[in-house]
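One structure is given below, encoded as structure tokens.
Laboratory data are not the source of any read-out in this text; all were calculated from the coordinates shown. Just so we're clear, the structure is a prediction, and the values are computed from it rather than from any experiment. Cβ: placed from backbone, ideal geometry, glycine included. Neighbour counts: every protein chain shown.
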Amino acid sequence: MVKIGVLALQGAVHEHAKMIESEGTSKAVFVKRPEQLLDLDGLILPGGESTTMRRLIDRYDFMNPLRQFAASGKPVFGTCAGLILMANGIKGEEKSHLSFMDVMVERNAFGRQKESFETELNAKGIANDLLAVFIRAPLITKVGTDVEVIAYHQEEIVAAKQGQFLACSFHPELTDDHRFHHYFVDMVKNNTKIVV
Ligand code: GLN
């Protein structure tokens with residue numbers, strides 16, 4: 001059984017854990033201390049508020065351990081604020097956070113009227129009718145050559161993959177559609193096979 005951590009400093013933590021556990025083949029771990037990362041096969045950075053999450057990452061000394069986790073080649077999945085943490089550029093902001101992926105993001109990119117909405121997406125290799133909930137979501141405005149676009153919403157990029165890294169603007173954990181998490185759990189399982 002693979003062990004997948006959910007960074008449990010702030011945000012939609014329990015919903016991700018439920019998704020992971022419901023796979024039946026993966027165990028969820030609530031990550032509250034950096035040492036817990038050592039024991040994981042994969043990690044989820046949840047949605048919430050990216051600036052708050054970054055403050056807590058600094059306060060609890062998670063920055064270097066998270067970078068080491070990524071450097072070890074293990075899969076990381078970021079949703080919404082988690083995507084913002086993983087991007088190497090944030091529109092209008094001087095600094096990025098973890099810079100795991102060669103993507104540029106724009107925070108709260110959907111404007112006021114569309115702050116929250118639900119839609120179906122065609123997610124490459126996952127589902128052509130994936131249920132997606134957007135809440136004050138960021139957009140991916142630019143991707144590097146190593147980045148594969150997984151989903152668009154009205155011609156804007158809302159999900160992407162770069163090797164061991166997967167990220168989306170929306171909240172798959174807030175729906176009953178398990179297919180995006182299933183895809184990530186498979187990434188973790190395949191990676192574990194490579195390591196062993
Ligand atoms: N708007 C939030 C941010 O900038 C992200 C929203 C979310 O995770 N639902 O961090």
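Here the label points at R136 and T192, each 7 Å from Cα along the C-beta direction, are separated by 3.5 nm in the simple model. When the helices of the chain are scored as -39500 (n - 2.57) per DSSP H run of n ≥ 4 and the total is divided over every residue, the value at 222 nm lands at -8000 deg cm²/dmol. Let a ≥ b ≥ c be the square roots of the eigenvalues of the Cα gyration tensor of segment 76-127; is it rounded (a/c under 1.5), or, if not, prolate (a/b larger than b/c) or oblate? Taking the square roots of the gyration eigenvalues as a ≥ b ≥ c, segment 76-127 is oblate. The packing ranking, built from the mean of other Cβ atoms within 10 Å per residue, places the peptides 168-175, 74-81, 3-10, 31-38 in the order 74-81, 168-175, 3-10, 31-38, highest first.
Loop-located trypsin sites (Lys or Arg not before Pro) in segment 59-115 (DSSP state not H, G, I, E or B) with no more than 15 neighbouring Cβ atoms inside 10 Å: K91, K95, R112, K114. Would you mind classifying segment 2-195 by shape? Square roots of the alpha carbon gyration tensor eigenvalues, ordered a ≥ b ≥ c; an a/c under 1.5 is rounded, otherwise it is prolate if a/b is larger than b/c and oblate if not. Taking the square roots of the gyration eigenvalues as a ≥ b ≥ c, segment 2-195 is rounded. Rounded, prolate or oblate: which fits segment 111-162, taking a ≥ b ≥ c as square roots of the Cα gyration tensor eigenvalues, rounded meaning a/c under 1.5, else prolate when a/b beats b/c? Judged from the Cα gyration tensor, segment 111-162 comes out oblate (a/c at least 1.5, b/c at or above a/b). Amide H contacts of L9: none lie under 5 Å away among residues 5 or more positions distant or on a separate chain (H built 1.01 Å from N in the peptide plane; Pro and chain starts excluded).
For S96, nonlocal amide neighbours, meaning residues 5 or more places apart or on other chains whose placed amide H falls under 5 Å from its own, do not occur. When the Gaussian network model of the chain links Cα atoms closer than 10 Å, the mean-square fluctuations of N64, N88, N108 top out at N64. Once backbone amide H atoms are built at 1.01 Å from N, I150 has A159, A160, K161 as its partners under 5 Å, excluding neighbours fewer than 5 places away on the same chain.
Which of the GluC sites (Glu not before Pro) found in segment 87-139 are loop residues per DSSP with 15 or fewer other Cβ atoms within 10 Å of their Cβ? Within segment 87-139, the qualifying GluC sites (Glu not before Pro) (loop, at most 15 other Cβ atoms within 10 Å) are E93, E94, E115. Phi angles across segment 40-54 convert, under the Karplus curve 6.51 cos²θ - 1.76 cosθ + 1.60 with θ = phi - 60°, into 3J(HN,Hα) values of 9, 9, x, 9, 10, 9, x, x, x, 10, 5, 5, 5, 4, 5 Hz, Gly and Pro given as x. In order along segment 128-140, the phi-based Karplus estimate (6.51 cos²θ - 1.76 cosθ + 1.60, θ = phi - 60°) of 3J(HN,Hα) comes to 9, 9, 6, 6, 9, 10, 10, 10, 6, 7, x, 10, 8 Hz; Gly and Pro are listed as x.
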